[in-house]
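Here the structure is laid out as structure tokens; the discussion comes afterwards.
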Amino acid sequence: MDNQTDPAAERRSPGMVEVRVSASGEARETIAGAVRLVREAADRFSTGIMITDVGEGCYVVRAHPAVPHGLVREQPRLEQAPSLK
């Protein structure tokens, strides 16, 4: 087997994209672009897309089997429970 890259593999969309924004006004447009990137992978595996808020200005957009094919769900950041002392 040679070291050449499969051209079809280069055209495949990623199954997950991490998005970082510095201004809240950029988030919606940037996330929409990430959804477009991940959509092909979601269609290929018949899943939906999950957008997860993982921190201040940081989101993960991924093809996710818990989301029905053709749908996009947003999962808000879970606040950490206060530590018990």
Requested in this report: Return the long-range amide H neighbours of Val67 (sequence gap of 5 or more, or a different chain), with a cut-off of under 5 Å between placed amide H atoms.
Outcome: Gly48
Query raised in the report: Can you list the HN-Hα couplings for the stretch 31-38, worked out from phi with the Karplus curve (6.51, -1.76, 1.60; θ = phi - 60°), rounded to whole Hz and with x for Gly and Pro?
Result: 5, 4, x, 5, 4, 4, 5, 7
Requested in this report: Using a 1.4 angstrom probe on heavy atoms only, work out the carbon and sulfur share of the accessible area of the stretch 13-74 in %.
Outcome: 52 percent
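The values are calculated or read from the model by the stated rules, or taken from the named source; none is laboratory data. Because the structure is predicted, anything quoted here is derived from the model rather than measured. Surface areas here come from the heavy atoms of the whole protein model, side chains and all, with no ligands, DNA or RNA. Shrake-Rupley method; radii C 1.70, N 1.55, O 1.52, S 1.80 Å.
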